[in-house]
Amino acid sequence: MTDTTRLVVLARRPDGAPRPDDFRIETRPLPPLGEGMVLVAARFIPVSPALRTRLDGNASFAPPLAPDDPIEGNGVGIVLASRSPDFAAGDWVSGNLGWREAHALPAAALRKLNVSRLAPELYAGILGSAGLTAYFGLTAYGDVKPNETVLISSAAGGVGSAAGQIAGILGARAIGIAGGAEKCAWLTGDLGFAGAIDHTREADLTAAIRGLCPDGIDIMFDNVGNALIDAVLPCMRMNGRVLLCGQVGDYNLAPGMRHGITQTGFVITRRLRLLGVASHAHHGEYDKAITQLGDWILQGRLKHREDMRDGLEALPTAFADLFAHSNRIGRIIARIH
């Protein structure tokens, strides 16, 4: 059993868009495996743009990270050793494994995974935070109904691609916004979106949305931020819902530099609701949601694609790619050997 691990730490706070050299890899000792602890070898680590909110020293959904702190985040791994009756060597688990090859965690911080039904890497993507955020966003916050129109930004990413398909499964009409012809073709082809807008080719995004959705939008599922929300508000229907899920377009900007939301008159006149989506608030419902997502996958109704990278060394570049628009289709996941 190993007593050290390689891990990624924050080398310096990013100045604007993150760069790979904002991080470094170190070897550090593992803590002793005390009573109730479990030693886990990481196997699949997803890369989430929401981590960016923790790198500036400001409080967000979790405490900020300082230089020299290990990078945190959920992952999927295999139990190497356990001092808990709830886990045994060989079990697949998920939890806050961080960007590291191994981690010792309290048993209560881990979830045992059923990998006999679906492959373990899916729990780092479509069955992990990406799929759960899409599922709870539309069901618990959006209350999506049949025949409604749902507009999804960053629709070719892990969260957006799941959200569009779930909207369709629930009887709604999904329209995606993505960057590039390949991504848009994937949305309307393989994933069954009713339409897609390539934002790189549209000088007037509001006009493009109105062209595809002349009757308006019932739900906006936003992963991008204020400028896009502002463009969509004039297109919302009465009693529409704007779901604020992510802000990848704003994370690298200081608060005073971000685009303001100026079209708030539509919030009043059309009785709109702006709702923040937080899947972790539904932790007690995870098992039910994962079962439902798994059923849809096995039925061929919910498709997924991973942008798989190899090794711990790939994580800093993969994270920077999220903000340089260099990522390919789907959720970025690092495979740890």
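Summary of computed values
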| quantity | calculated |
| --- | --- |
| Matching residues, the stretch 1-22, being within 24 Å of the chain's Cα centre (by Cα) and in a strand (DSSP E or B) | Leu7, Val8, Val9, Leu10 |
| Test: residue in the stretch 86-98 that is under 24 Å from Gly131 (Cβ atoms) and open to solvent by 40 Å² or more (accessible area, probe 1.4 Å) | yes |
| Residue within the stretch 316-324 that is among the β-branched types (Val, Ile, Thr) and part of a loop (DSSP other than H, G, I, E, B) present | no |
| Considering residues of the stretch 16-69 that are open to solvent by 70 Å² or more (accessible area, probe 1.4 Å) and among the hydrophobic types (A, V, I, L, M, F, W, C) only, the residue nearest to Ile336 (Cα to Cα) | Phe61 |
| Of all residues making up the stretch 238-268, the number that are closer than 18 Å to Thr206 by Cα and either without any contact (Cβ under 8 Å) to a residue 24 or more places away in the chain or small (Gly, Ala, Ser) (or both) | 4 |
| Qualifying residue in the stretch 56-74 (condition: among the aliphatic types (A, V, I, L, M), assigned to a strand (DSSP E or B), touching a residue at least 24 places away in the same chain (Cβ under 8 Å) and out of contact with any Asp or Glu (no Cβ under 6 Å at 6 or more places or on another chain)) | no |
| Leu228 vs. criteria open to solvent by 30 Å² or more (accessible area, probe 1.4 Å) and touching a Gly at 6+ places or on another chain (Cβ under 8 Å) | no |
| Residues (under 17 Å from the mean Cα position of the chain (by Cα) and not in a helix (DSSP H, G or I)) located in the stretch 296-315 | Leu302, Lys303, His304, Arg305, Glu306, Asp307, Met308, Arg309 |
| Top-ranked residue of the stretch 279-327 - restricted to ones that are open to solvent by 30 Å² or more (accessible area, probe 1.4 Å) and among the aliphatic types (A, V, I, L, M), ranked as farthest from Gly73 (Cα to Cα) | Leu298 |
| Of all residues making up the stretch 147-171, the number that are open to solvent by 30 Å² or more (accessible area, probe 1.4 Å) and more than 20 Å from Thr200 (Cα to Cα) | 5 |
| In the stretch 1-15, residue modelled with the lowest pLDDT [restricted to those that are open to solvent by 30 Å² or more (accessible area, probe 1.4 Å) and aliphatic (A, V, I, L, M)] | Met1 |
| The stretch 233-277, residues that are in a loop (DSSP other than H, G, I, E, B), modelled with pLDDT of 90 or more and loosely packed, with under 15 Cβ neighbours inside 10 Å | Thr262, Thr264, Arg271 |
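The values are calculated or read from the model by the stated rules, or taken from the named source; none is laboratory data. All values reported here derive from a predicted model rather than from experimental measurement. As a convention, Cβ positions derive from the backbone with ideal geometry for all residues, glycine included, and neighbour counts pool all protein chains shown. Heavy atoms of the whole protein, side chains included, go into the accessibility calculation; ligands, DNA and RNA do not. Shrake-Rupley method; radii C 1.70, N 1.55, O 1.52, S 1.80 Å.
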